[in-house]
Amino acid sequence: MGILEAIILGAVQGLTEFLPVSSSGHLQLAKELLGVEMESNLTFDVLLHMATVMSTIVVLWSEIWWLVKGIFARGMNEEKSYFLKLVVSMLPIGIVGLLLRDKIDAMLASEYILLVVGAMLMLTALLLTFAYYAKPRHKATISYRDAFVIGLSQAVASMPGLSRSGTTIATGLLLGNEKGAVATFSFLMVLAPIMGQTLLDVVDGGFAVVGISTASLVAGFLSAFVVGCLACKTMISVVKRGKLIWFALYCAIVGCVAMGAYLL
């Protein structure tokens, strides 16, 4: 894999990690188009995930610092309650990661992956459409129940092609939560799962470099980080303005193309 391919894949990861269009699905499609085979080398994917974690921290630093200060303050407070809701939301994806990780990895390497990605992108489009037309209730505070339900939707979004951000944001909106609060919660709740996945990849030998130069690794990381910062800021603004229907249309088109490419 050359530097240009690394930059392209990094940009795809950084962009689609935050936009509701499925990062795993688009990365798989990008690899197919570029002819990149990386199933046996997790180093690049690990670095891309680290880059998106860092971009989330940079963009949402004020919210993260607010949580950190509150967690170490005395007594129960709003910050501790918010943190506990984040923990509740992470439980389902943690269980899925422990029990089904190998099966999901096998699916990514299967010959029918384009069909799966296409079908899940179509499902993403459906969820975003429902969220767009749902009657708004604008609950200012995300409850523990809603946090758990949003967490369940994140676990379901482990399926390749089903957008994590799209699924969690759509679920939060369908539950009647305020748009900006849902977007921020969605991006914060993924930090620990991504870092946990990265750690597991490292433990499993994810940093065994095969056929990827240091320059390509650095280029991909920087590309994912810069594009991720821009995408995270943009997506929060887009959710607040309620423009998710355009992403639904995009996912439907790409889903049809992916399924057609497999069937034809």
**Asked** Is it true that some residue in the range 72-81 is in contact with an Asp or Glu (Cβ under 9 Å, 6 or more places away or on another chain) and in a helix (DSSP H, G or I)?
**Response** no
**Message:** What pairs come out if I take residues in the range 44-69 that are surrounded by 15 or more Cβ atoms within 10 Å (Cβ to Cβ) and pair them with residues that are not in a helix (DSSP H, G or I) and not polar (S, T, N, Q) whose C-beta lies under 8 Å away, six or more apart or interchain?
**Reply:** Phe44/Met1; Phe44/Met38; Phe44/Ile212; Asp45/Met38; Asp45/Gly206; Val46/Gly206; Val46/Phe207; Thr56/Val190
**Asked** Taking the condition touching a Pro at 6+ places or on another chain (Cβ under 7 Å), at pLDDT 85 or above and part of a helix (DSSP H, G or I), does Phe187 pass?
**Response** no
**Prompt:** Out of curiosity, is Gly161 in contact (Cβ under 8 Å) with a residue 24 or more places away in the chain, crowded, with 21+ Cβ neighbours inside 10 Å and assigned to a loop (DSSP other than H, G, I, E, B)?
**Reply:** yes
**Asked** Considering only the range 88-109, how many residues are part of a helix (DSSP H, G or I) and touching a residue at least 60 places away in the same chain (Cβ under 8 Å)?
**Response** 12
**Request:** Find all pairs meeting these conditions: Cβ atoms under 9 angstrom apart; at least six residues apart or on different chains; first residue within the range 175-198 and closer than 25 Å to Val46 by Cβ; second residue at pLDDT below 85 and not in a helix (DSSP H, G or I).
**Result:** Thr198/Gly206
**Request:** Just name the residue that is modelled with the lowest pLDDT out of those in the range 136-152 that are of a type outside the set (D, E, K, R), surrounded by fewer than 20 Cβ atoms within 10 Å (Cβ to Cβ) and out of contact with any Ser or Thr (no Cβ under 7 Å at 6 or more places or on another chain).
**Result:** Pro136
**Request:** Answer yes or no: is there a residue in the range 116-124 that is over 17 Å from Ile236 (Cα atoms) and of a type in the set (Gly, Ala, Ser).
**Result:** yes
**Prompt:** Name the residues in the range 210-229 that are surrounded by fewer than 15 Cβ atoms within 10 Å (Cβ to Cβ) and outside any loop (DSSP other than H, G, I, E, B), would you?
**Reply:** Thr214, Ala215, Val218
**Asked** Residues of the range 110-157 being assigned to a loop (DSSP other than H, G, I, E, B) and over 21 Å from Leu100 (Cα atoms), which ones?
**Response** Ala134, Lys135, Pro136, Arg137, His138, Ala140, Thr141, Ile142, Ser143
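The values are calculated or read from the model by the stated rules, or taken from the named source; none is laboratory data. Quantities reported herein were computed from a predicted structural model and do not represent experimental measurements. Don't worry about glycine lacking a Cβ; one is built from the backbone with ideal geometry, like all the others, and counts go over all protein chains shown.
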